[in-house]
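Single-structure report; data block below.
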Amino acid sequence: MSELDLDALIDDPGIRIVVTCGSGGVGKTTTAAALGLRAAERGRKVVVLTIDPARRLAQSLGLTELDNTPRAVAGVGGDGQLDAMMLDMKRTFDEVVLAHATPEKAEQILANPFYLALSSSFAGTQEYMAMEKLGQLHKQAEASGDWDLIVVDTPPSRSALDFLDAPERLASLLEGRFLRLLLAPAKGPFRLMSTAVNMAMSVMNKVLGAQVLTDVQTFVAAFDTLFGGFRQRADKTVALLREPHTAFLVVAAPQNDALREASYFTERLREENMPLAGVVLNRVTNSEATDLSAERSLAAAEKLEEADKSPLTAALLRLHADKMQQVVADHKRADRFKRGHRSIPTVEVPALADDVHDLTGLRQIGDLLTA
């Protein structure tokens, strides 16, 4: 088992993209922001793409409002620079439409009710648009030299694998085979299937309503010229993620579900030939008073309670016992994970008492990540 050297990673000029990934609620966004800040203060020109950060974390980066454009973060020391942005998936989708459709087609698409639902809440849209924005940032960095490191916080998906799978599913939908079938069921190669298609459309009409089906058909007619572009851009970004200048960091917490997701994700990255740098085991419970075990603490509390003495001390002893039980459980799960993944570098980050809400807090996280 080897330690993950994150300073060496972010100092390496050959690393131009760092992707933090993992299941929801494990601290991916904080990890991405802390690494971005640390890299900037060590001389890199960094842009951090965050997805749905907590309000305090957004404020610490100076992102008080949702903004789809990178903005400079004030208060960064050192010789580098740090820009940050929060993904606005609908605005990103709108930008794609405006960039690749004629003004007339773009106007039709942007006003279409089906498109409004697709761009705002459709499953896979956020993951796809995160990749779309990554592709845009990389292209801008290559052309202008604005940044030499992009740090990406992946969406808070139910499953960590959604980041790799959802864009493909959305691109497949937008290729339009089924949608085009709705548009022209009785033409060309679909003519022989027209009876079955008409029956299916009749059922959909009853379930969805005539207006919804009309909206979908209108959307497909306007979107027709953009179908192939979505697949091409998705494939191009996936290829970018396989390049040696990309590094994936899998973030997990010492809970069974999160560690199971991390195991699945590390294996998937290897299968996809994507460069895995290591695993961050985040929010591991620690204690300064490790000499007093949970068992001894509980026994002392029981003696005080039986003697009806020092109820406050007894309560504190029980609290300590609860924490020590958590310490033991967290470290057992973390050690079991590391034993099962000996070839993957890991780093443990202790749990903090408070949320991160300023650059000082992010610097502390950066110190812990690289201790």
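The values are calculated or read from the model by the stated rules, or taken from the named source; none is laboratory data. Predicted model, so just to flag it, every value in this text is computed and none were measured. Note: ideal-geometry Cβ built from the backbone for every residue, glycine included; neighbour counts use all protein chains shown. SASA here: full protein model, heavy atoms, side chains in, ligands and nucleic acids out. Shrake-Rupley method; radii C 1.70, N 1.55, O 1.52, S 1.80 Å.
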I'd like to check something: does the range 144-155 contain any residue that is modelled with pLDDT under 80, in a loop (DSSP other than H, G, I, E, B), more than 28 Å from residue 107 (Cβ to Cβ) and touching a Ser or Thr at 6+ places or on another chain (Cβ under 8 Å)? no
Among (1) open to solvent by less than 20 Å² (accessible area, probe 1.4 Å); (2) in a helix (DSSP H, G or I), the one test that residue 320 misses: (1)
Residues in the range 337-370 that are in contact with a helix residue (DSSP H, G or I) (Cβ under 8 Å, 6 or more places away or on another chain), in a loop (DSSP other than H, G, I, E, B) and either closer than 22 Å to residue 248 by Cβ or aromatic (Phe, Trp, Tyr) (or both) total 3
Among residues of the range 323-336 being in contact with a helix residue (DSSP H, G or I) (Cβ under 7 Å, 6 or more places away or on another chain) and buried (at least 17 other Cβ atoms within 10 Å of the Cβ), the residue modelled with the highest pLDDT is 333
Residues of the range 352-371 being under 20 Å from the mean Cα position of the chain (by Cα) and open to solvent by less than 90 Å² (accessible area, probe 1.4 Å), which ones? 356, 362, 365, 366, 369
Suppose we filter 286, 282 for residues that are of a type outside the set (Ser, Thr, Tyr), in contact with a strand residue (DSSP E or B) (Cβ under 6 Å, 6 or more places away or on another chain), open to solvent by 30 Å² or more (accessible area, probe 1.4 Å) and in contact (Cβ under 8 Å) with a residue 60 or more places away in the chain; which single one remains? 286
Of the conditions (1) without any contact (Cβ under 8 Å) to a residue 12 or more places away in the chain; (2) under 30 Å from residue 238 (Cα atoms); (3) in contact with a helix residue (DSSP H, G or I) (Cβ under 9 Å, 6 or more places away or on another chain); (4) of a type in the set (Lys, Arg), residue 268 fails just one. Which one is it? (1)
In the range 27-83, anything charged (D, E, K, R), free of Cβ contacts under 8 Å to residues at least 24 places away in the same chain and out of contact with any strand residue (DSSP E or B) (no Cβ under 8 Å at 6 or more places or on another chain) is listed as 55, 65
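Results for (1) closer than 30 Å to residue 5 by Cα; (2) among the aromatic types (Phe, Trp, Tyr); (3) touching a residue at least 12 places away in the same chain (Cβ under 8 Å), shown as yes or no for each residue.
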position: 303; (1), (2), (3): no, no, no
position: 309; (1), (2), (3): no, no, no
position: 312; (1), (2), (3): no, no, no
position: 321; (1), (2), (3): no, no, yes
position: 330; (1), (2), (3): yes, no, yes
position: 334; (1), (2), (3): yes, no, yes
position: 349; (1), (2), (3): yes, no, yes
